[in-house]
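Visitor: First the structure, then my questions, so here it is.
Since every read-out is calculated from the coordinates, none of them should be taken as a lab result. Just so it is clear, the model here is predicted, and its values are computed rather than measured. Every residue, glycine among them, receives a Cβ derived from its backbone with ideal geometry; neighbour counts consider all protein chains shown.
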Amino acid sequence: MLTFSLFVLILANSSLALPITTTTTCAIPKSFTISGFTKFTPVSSNPNPARVDFSYGDDGASVRTYCVLLGSTSTTIYDAPVACNDPDVRFLFEGNQLTIFEAYASCNATDTAQVKGSISVGTYCYPSPAGVPRGEGTQCQTPSVSLGGSLSPA
């Protein structure tokens, strides 16, 4: 019995000395999806503003946000990217090129890092009549429900 007790005691002490390894995963966004992309340009007599809007989602940090640019259909009038509802996501839109910037917590958790990605947005445009919510103008939207792209370190 004494031998068995000593064996259990030695086993218990040796197992406490073994290092416990934990695996931490770092969610780095690698791709993104744009859905519901629309661009509206009002006629000159329409008081409603021009706008670009879409929903954004990534695969890594599980960010989901809504992005809108009011008063223009291009970010060329700004010196910096436009922030989305989630301020960690910003965008530039010029011509048909959409560039996304996303800040995220880096793997060392003390800094933030940034990724970016660009996609070409093909749209189908049609006249918008006066009776619809945005009023008379030209409404453009993507023919597919969503578009995807890759993200890489900025």
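Visitor: Within the stretch 74-105, find all residues whose amide N lies under 15 Å from a label point positioned 7 Å from the Cα of residue 64 along Cα-to-beta-carbon.
Guide: 85-86
Visitor: Take the alpha-carbon centre of the stretch 92-130, take the same for the stretch 42-77, and report the distance between them in whole Å.
Guide: 10 Å
Visitor: What ranking do 104, 78 get, fewest neighbouring Cβ atoms within 10 angstrom at the top?
Guide: Numbers: 104 20, 78 11.
Fewest-to-most Cβ neighbours within 10 Å comes out as 78, 104.
Visitor: Counting Lys and Arg as +1 and Asp and Glu as -1, what is the net charge of the other residues whose Cβ lies under 14 Å from the Cβ of residue 59? Provide the component values of the computation, followed by the final result.
Guide: Values: positive: 30, 64; negative: 58, 102.
Its environment carries a net charge of 0.
Visitor: Still on this model: Once the piece of chain linking residue 76 and residue 130 is laid out straight, how much longer is it, given 0.36 nm per residue of separation minus the C-alpha distance between them? It would help to have the intermediate numbers written out before the result.
Guide: On the way: separation 54, 0.36 × 54 = 19.44 nm, distance 2.79 nm.
Result: 16.6 nm gained on full extension.
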